[in-house]
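Here the structure is laid out as structure tokens; the discussion comes afterwards.
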């Protein structure tokens, strides 16, 4: 095959894949039966037995809170999550506290994020949490972290062995008292 | 997301996770789960519905303060687009901690 034809085929293939995954994302967002089917069959969910547990040690008005989302949120100038790998992308992005909404975007084809684009608080509620800090409900907010979720296969080991522990270490360093996690 | 919550809790920081599917919540066993059976991408509800979003945060913070058993799943039972919400007034403080 001549190289030009090969490139065209590849681009056509990626576009098709991209289109299919976006269509799938829309369907999984809006058709409840499909969500349940996905929940029962996905390989990105690993059945667990034991559970780690630590109690909250401070009153909420003194707590430093961090948000972690798996909704694929990132800064416009950060590298987007890898949507070409069917096993997902186990990396994370740091979203500095106080980042204005205009500097944030979402890369994630596996759900319909048009509503979240309209109001990011529905999955990345840092602005809402900041309003609770102003009212004295919570103490303070630290940097947030974002993953893309739907991580499968070899990337699960990277998530549990590398990227999630890295984020945990950063949270410890930042003396975070509690973490709120929100899915896509 | 459950794996991330478990890793952070194992490092010594308490977590509360919002989840959208009971099957997933029961399998991944995050330390504390608030379950709302809403569409993907909407863990705090609908765009622009501040009272709804704050209601979810209130439930999550209450769970963070009150849960005493690992892998607690709380499901408030909010129906999608068929509830009226008012902004919560009394927020949990965790004074007994």
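Show me the strands (runs of 3 or more DSSP E) found entirely inside chain B where at least 2 residues are surrounded by fewer than 24 Cβ atoms within 10 Å (Cβ to Cβ). So that I can check it myself, show each step before the final result.
Values: elements: B:15-19, B:32-35, B:72-74.
In chain B, B:72-74 are the strands (runs of 3 or more DSSP E) which contain 2 or more residues that are surrounded by fewer than 24 Cβ atoms within 10 Å (Cβ to Cβ).
May I ask you to verify whether residue B:20 is touching a residue at least 24 places away in the same chain (Cβ under 8 Å) and under 16 Å from residue A:69 (Cα atoms)?
no
Can you work out which of the residues in segment A:37-86 that are in a strand (DSSP E or B) and more than 8 Å from chain B (Cβ to nearest Cβ) is surrounded by the fewest Cβ atoms within 10 Å (Cβ to Cβ)?
A:75
I'd like the full set of residues that are touching a strand residue (DSSP E or B) at 6+ places or on another chain (Cβ under 6 Å) and touching a residue at least 40 places away in the same chain (Cβ under 8 Å), limited to segment A:61-76.
Once the filter is applied, which keeps residues that are touching a strand residue (DSSP E or B) at 6+ places or on another chain (Cβ under 6 Å) and touching a residue at least 40 places away in the same chain (Cβ under 8 Å), segment A:61-76 yields A:63, A:64, A:65, A:66, A:67, A:68, A:69, A:72, A:73, A:74.
Against the definition (out of contact with any strand residue (DSSP E or B) (no Cβ under 6 Å at 6 or more places or on another chain), within 7 Å of chain A (Cβ to nearest Cβ) and over 27 Å from residue A:172 (Cα atoms)), how does residue B:45 come out, yes or no?
yes
For residues that are in contact (Cβ under 8 Å) with a residue 40 or more places away in the chain and within 19 Å of residue B:38 (Cβ to Cβ), tally how many sit in segment B:72-84.
Here the count works out to 6.
Name the residue that is nearest to residue A:129 (Cα to Cα), counting only residues in segment B:48-97 that are within 8 Å of chain A (Cβ to nearest Cβ) and within 9 Å of the chain's Cα centre (by Cα).
Ranking the qualifying residues of segment B:48-97, first place goes to B:57.
None of the figures in this text is laboratory data; all of them are computed from the coordinates on show. Here the structure is a predicted model, which means the values were calculated and not measured. Don't worry about glycine lacking a Cβ; one is built from the backbone with ideal geometry, like all the others, and counts go over all protein chains shown.
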